[in-house]
1. Of all residues being surrounded by fewer than 22 Cβ atoms within 10 Å (Cβ to Cβ) and within 14 Å of the ligand (Cβ to nearest atom) in segment 196-219, which is farthest from the chain's Cα centre (by Cα)? Just the residue, please.
2. Within segment 348-404, count every residue that is over 18 Å from Thr87 (Cα atoms), among the basic types (Lys, Arg) and at pLDDT 95 or above.
3. Being farther than 17 Å from Leu387 by Cβ, open to solvent by 60 Å² or more (accessible area, probe 1.4 Å), at pLDDT 95 or above and part of a loop (DSSP other than H, G, I, E, B), is that true of even one residue in segment 287-297?
4. With the requirement that a residue be part of a loop (DSSP other than H, G, I, E, B) and either within 16 Å of the ligand (Cβ to nearest atom) or touching a Leu at 6+ places or on another chain (Cβ under 8 Å) (or both), what does segment 152-182 give you?
5. When the residues of segment 78-120 are filtered to those that are among the polar types (S, T, N, Q), open to solvent by less than 10 Å² (accessible area, probe 1.4 Å) and assigned to a helix (DSSP H, G or I), which remaining residue is nearest to the ligand (Cβ to nearest atom)?
6. Out of the residues in segment 122-145 meeting the condition of being more than 16 Å from the ligand (Cβ to nearest atom) and open to solvent by less than 50 Å² (accessible area, probe 1.4 Å), tell me which one is farthest from Ile195 (Cα to Cα).
7. Among the candidates Ser328, Ser313, Ser300, single out the residue that is small (Gly, Ala, Ser), surrounded by fewer than 20 Cβ atoms within 10 Å (Cβ to Cβ) and within 25 Å of Pro144 (Cβ to Cβ).
8. List the pairs whose first member sits in segment 124-152 and is in contact (Cβ under 8 Å) with a residue 60 or more places away in the chain, whose second member is open to solvent by 50 Å² or more (accessible area, probe 1.4 Å), and whose Cβ atoms are under 7 Å apart, counting only residues at least 6 apart or on separate chains?
Amino acid sequence: MIRVRVGDFKIGEEEKQAINEVLDSGRISEGQKVREFEREWAKFIGTKHAVVVSSGTSALIAGLTALKSHKDLNIKSNSKVITTPLTYIATSNAIVLSGFEPVYIDIDKETFGITPENIKAHLEKIDNPTEYSIILPVHLMGYPCDMDKINKIAKEYGLITFEDSAQAHGTIYNGKKTGSLSLLSTFSFYIAHNIQAGEIGAVTTDDPEIRRLVKKIKAHGRMCDCPICYRAEGKCPKLSSHKGKDDFDPRFTHDIIGYNFKAMEFQAVLGIIQLKKADWITEKRRENVKYLNEALEEFSDILQLPKYDEDVSYLAYPIVIKDLKKISRKKLRYELEKRGVETRPLFGCIPTQQPAYSFLKEKYEGKLPNAEYIGLNGFYVGCHQYLEQADLDYMVNTFKEVLK
Ligand SMILES: Cc1ncc(COP(=O)(O)O)c(C=O)c1O
């Protein structure tokens with residue numbers, strides 16, 4: 001039986017050689033290759049800096065933690081973060097675990113992101129906007145949120161914006177890439193994403209202080225944070241503040257409470273190789289979305305097919321059931337899976353459909369109709385770059401067999 005997977009990863013000769021070179025170098029923990037991937041990723045996204053960390057989740061936590069320590073921002077623990085209810089759970093988990101309170105705003109049914117209109121309506125009706133600190137939108141499935149309008153609202157209310165761009169590698173919004181449209185942004189290079197490197201993630205920013213803080217936080221808040229370290233020359237700028245302590249070592253002295261979110265050289269070399277293929281990956285996925293949309297058009301009264309946009313870098317091929325009398329998501333997924341077409345649910349509406357957030361269920365029940373509908377009736381199939389014409393045709397024929 002043909003198996004059409006949601007994502008795939010192919011290790012070629014180039015990857016094997018790069019991994020062997022890392023092994024031969026004698027350095028497998030974070031080093032020069034991670035630095036190179038950071039430079040290349042920042043260049044690709046169009047920001048001054050990228051800091052690579054161990055995952056997209058740790059990128060979110062490190063970014064949020066950095067904001068609380070930032071000398072020019074007044075961001076407090078326990079303040080409120082406006083975010084999306086429809087996302088992979090990592091976004092919400094990172095907000096909660098970093099000591100913030102998520103506030104969920106409903107989404108757009110077609111592009112799955114939080115809308116400026118809903119954010120504005122929420123901020124206008126609350127009594128105390130000063131309890132809020134951050135707007136954290138997610139560019140789900142590669143679709144960009146309307147960042148110009150969201151940034152404008154943020155400015156009006158004195159909030160900062162933070163994009164979770166884990167699922168949008170190379171999406172263009174008004175001429176710029178997602179991940180470069182706010183004070184800081186995060187990415188995941190998890191295997192199911194467009195640029196795959198195993199498990200690492202990154203924080204991108206133009207702000208040198210955020211870069212400095214994230215680099216410290218990912219290394220347990222260590223004091224050693226010079227852009228160029230002179231320790232090998234016996235010089236350390238930190239020593240002047242520690243006169244008289246001649247055994248002081250800034251690598252083992254910590255001035256912020258942090259984590260171990262460091263990456264490995266193996267992962268960085270995979271990222272570097274993948275990034276060279278970024279344009280091909282994006283183009284191939286987009287072509288596949290276009291092809292599937294045309295081939296499945298006849299079912300557009302039953303299924304909401306993904307909106308096609310030349311500027312979107314697609315993570316997958318999202319579908320929402322429109323006509324529940326015709327078929328349920330459960331039945332359609334079951335029939336597709338039975339025939340070898342892999343599917344995944346569109347994550348669920350976090351406060352009302354995810355058991356870990358059941359403490360919020362009563363508060364949000366019925367208040368997020370689009371997210372709840374898509375959480376129950378949305379799913380995705382693959383559109384990745386390794387799908388062959390035969391895979392696409394098999395997928396289309398399988399839909400036809402099940403839906404006719
Ligand atoms: C929107 C979003 N945010 C964050 C993450 C977390 O990334 P990671 O799995 O690398 O921790 C993911 C992972 O898929 C994601 O889709």
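1. Gly198
2. 2
3. No; the residues of segment 287-297 include none that is farther than 17 Å from Leu387 by Cβ, open to solvent by 60 Å² or more (accessible area, probe 1.4 Å), at pLDDT 95 or above and part of a loop (DSSP other than H, G, I, E, B).
4. The first filter runs over segment 152-182 and keeps only residues part of a loop (DSSP other than H, G, I, E, B), leaving 158-159, 165-171, 174-175, 178-182.
Residues satisfying the conditions are Ser165, Ala166, Gln167, Ala168, His169, Gly170, Thr171, Thr178, Gly179, Leu181, Ser182.
5. Within segment 78-120, the subset among the polar types (S, T, N, Q) is 78-79, 83-84, 87, 91-93, 98, 111, 115, 118.
So of that shortlist, the ones also open to solvent by less than 10 Å² (accessible area, probe 1.4 Å) come out as 83-84, 87, 91-92, 98.
Still in the list and also assigned to a helix (DSSP H, G or I): 91-92.
Numbers: Thr91: 5, Ser92: 9 Å.
Looking at the filtered set, the residue picked out is Thr91.
6. Kept after step one, since they are more than 16 Å from the ligand (Cβ to nearest atom), are these residues of segment 122-145: 122-133.
Filter once more, keeping what is open to solvent by less than 50 Å² (accessible area, probe 1.4 Å): 122-123, 126, 129, 132-133.
Values: His122: 35, Leu123: 36, Ile126: 40, Pro129: 38, Tyr132: 33, Ser133: 31 Å.
Here the residue is Ile126.
7. The unique qualifying residue is Ser300.
8. Ser133/Lys76
The values are calculated or read from the model by the stated rules, or taken from the named source; none is laboratory data. Remember, it's a predicted structure, so these values are computed and weren't measured experimentally. All Cβ positions, glycine included, derive from the backbone under ideal geometry; neighbour counts span all protein chains shown. The protein model used for the area step is the full one, side chains on, heavy atoms only, and it has no ligands, DNA or RNA in it. Shrake-Rupley method; radii C 1.70, N 1.55, O 1.52, S 1.80 Å.
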